[in-house]
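The values are calculated or read from the model by the stated rules, or taken from the named source; none is laboratory data. Values in this document were obtained by computation on a predicted structure and should not be read as measured data. Cβ placement follows ideal geometry from the backbone for every residue including glycine, while neighbour counts extend to all protein chains displayed.
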Amino acid sequence: MNGYMIDVQGTLIDDRDKRPIPGSVEAVAELKRRGIPFVLVTNNTKQESAVFRAYLRDLGFDFDEGQYLDPLMVLDTVVPPSPVAAYGSEKFLAVLRKRGYTLDYENPAAVLVAIKPDFTNDEYARMIELTLGGAKLVGMHETSTYVKNGRRYPGVGAILKMVAFATGRDYCVVGKPSPAFFEEALRKLQAQGMAGGFGAVEIVSDDLIGDLAGAKSLGMHTTLVLSGKVASLEEVPADKRAYADRVASDIGVLFGVRTRRTA
């Protein structure tokens with residue numbers, strides 16, 4: 001029996017209004033009804049895991065606790081509670097404080113980068129200085145772009161690469177597409193009865209670079225949905241299209257629970 005890893009933002013819920021994309025609730029329900037192993041793999045960092053799970057269930061998504069994974073659930077295995085220079089939304093900073101991290105922009109153990117639409121040049125400069133000073137550079141995930149109010153901003157992956165290029169230092173990633181995150185998701189699929197490794201997994205996501213490229217390198221089957229970051233294959237450079245084994249307009253069409261959209 002094969003299994004699915006399913007992205008959330010841009011795949012199940014709309015990036016703008018955070019409501020279900022048509023057909024997405026039904027797609028998850030169909031997997032549940034048929035007993036097909038699946039795990040929702042989200043890069044959510046703005047809310048505690050339990051709070052975001054509850055929000056998704058309130059939207060109508062039917063899944064168990066073992067069918068969900070986000071970076072906050074594995075953060076302390078990469079960066080244990082310690083002084084960190086954290087960059088992201090106020091909600092993300094509040095979550096860190098609640099988890100026992102202290103914010104330190106002078107002598108942190110790590111520079112921890114999440115997402116927000118209004119990074120400043122001063123913040124980028126501080127990230128560079130702290131990384132050069134020996135702080136570990138860590139991304140909560142490695143998304144290529146961040147969509148807010150219909151506009152696309154540099155994602156955490158783009159920011160990490162910029163700081164790494166400026167400093168000559170490497171970085172590590174907590175959430176997607178880090179192998180450690182995907183390995184934890186794989187264990188959740190195997191706990192549901194899926195036999196085999198990454199070759200038995202199909203990942204469905206709207207993020208070709210931030211999700212599918214890394215998943216494909218591990219041997220997963222990859223499906224790109226055009227309901228989020230990428231609106232058309234014409235936006236994708238020809239040499240990057242091979243990251244997607246197949247393409248669907250949205251997850252409802254993919255699982256046959258929604259009529260294909262017409263122009």
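Can you list the strands (runs of 3 or more DSSP E) lying wholly within region 179-263 that have 2 or more residues being assigned by TED's automatic domain parsing to the domain that holds R34, more than 20 Å from P154 (Cα to Cα) and more than 17 Å from the chain's Cα centre (by Cα)?
Working: elements: 201-205, 221-225, 246-248.
Hits in region 179-263: 246-248.
Of everything in region 3-31, what is part of a helix (DSSP H, G or I) and closer than 21 Å to F182 by Cα? Give them in sequence order.
Going residue by residue through region 3-31, those that are part of a helix (DSSP H, G or I) are 24-31.
Scanning region 3-31 gives V28, L31.
Name the residue that is nearest to G157 (Cα to Cα), counting only residues in region 41-61 that are touching a helix residue (DSSP H, G or I) at 6+ places or on another chain (Cβ under 6 Å) and outside any loop (DSSP other than H, G, I, E, B).
The qualifying residue nearest to G157 (Cα to Cα) is V41.
Taking region 14-52 as the region of interest, how many residues are β-branched (V, I, T), surrounded by fewer than 24 Cβ atoms within 10 Å (Cβ to Cβ) and either in contact with a strand residue (DSSP E or B) (Cβ under 6 Å, 6 or more places away or on another chain) or more than 18 Å from T143 (Cβ to Cβ) (or both)?
Residues flagged as β-branched (V, I, T), surrounded by fewer than 24 Cβ atoms within 10 Å (Cβ to Cβ) and either in contact with a strand residue (DSSP E or B) (Cβ under 6 Å, 6 or more places away or on another chain) or more than 18 Å from T143 (Cβ to Cβ) (or both) within region 14-52 amount to 3.
Restricting to region 237-252, name every residue that is surrounded by fewer than 17 Cβ atoms within 10 Å (Cβ to Cβ) and more than 20 Å from G23 (Cβ to Cβ).
Matches in region 237-252: P237, A238, D239, K240, R241, A242, D245.
Please indicate, with yes or no, whether at least one residue in region 75-84 is in contact with a Gly (Cβ under 8 Å, 6 or more places away or on another chain), free of Cβ contacts under 8 Å to residues at least 60 places away in the same chain, surrounded by 15 or more Cβ atoms within 10 Å (Cβ to Cβ) and farther than 30 Å from G3 by Cα.
Step one: of region 75-84, the residues in contact with a Gly (Cβ under 8 Å, 6 or more places away or on another chain) are 81.
Those left that are additionally free of Cβ contacts under 8 Å to residues at least 60 places away in the same chain: 81.
From what's left, surrounded by 15 or more Cβ atoms within 10 Å (Cβ to Cβ): none.
Within region 75-84 (the criterion being in contact with a Gly (Cβ under 8 Å, 6 or more places away or on another chain), free of Cβ contacts under 8 Å to residues at least 60 places away in the same chain, surrounded by 15 or more Cβ atoms within 10 Å (Cβ to Cβ) and farther than 30 Å from G3 by Cα), the answer is no, since none of the residues qualifies.
In region 131-155, how many are farther than 18 Å from V174 by Cβ and of a type in the set (A, V, I, L, M)?
2
Within region 126-163, which residues are within 30 Å of L226 (Cβ to Cβ), out of contact with any helix residue (DSSP H, G or I) (no Cβ under 8 Å at 6 or more places or on another chain) and of a type in the set (A, V, I, L, M)?
V147, V156, A158, L160
Out of everything in region 187-214 that is in contact with a strand residue (DSSP E or B) (Cβ under 7 Å, 6 or more places away or on another chain), among the aliphatic types (A, V, I, L, M) and under 20 Å from S249 (Cβ atoms), what residue ends up being modelled with the lowest pLDDT?
Here the answer is L208.
Quick one: L208 ticks every box in (1) without any contact (Cβ under 8 Å) to a residue 24 or more places away in the chain; (2) touching a helix residue (DSSP H, G or I) at 6+ places or on another chain (Cβ under 9 Å); (3) among the aliphatic types (A, V, I, L, M) bar one, so which box is it?
Tallying (1) without any contact (Cβ under 8 Å) to a residue 24 or more places away in the chain; (2) touching a helix residue (DSSP H, G or I) at 6+ places or on another chain (Cβ under 9 Å); (3) among the aliphatic types (A, V, I, L, M), L208 fails exactly one: (1).
Which numbered condition trips up N44, out of (1) polar (S, T, N, Q); (2) without any contact (Cβ under 8 Å) to a residue 40 or more places away in the chain; (3) assigned by TED's automatic domain parsing to the domain that holds V113?
That leaves (3) as the condition not met.
Just wondering, is there one or more residues in region 22-45 that are at pLDDT 95 or above and within 30 Å of E123 (Cα to Cα)?
Looking through region 22-45, at least one residue is at pLDDT 95 or above and within 30 Å of E123 (Cα to Cα).
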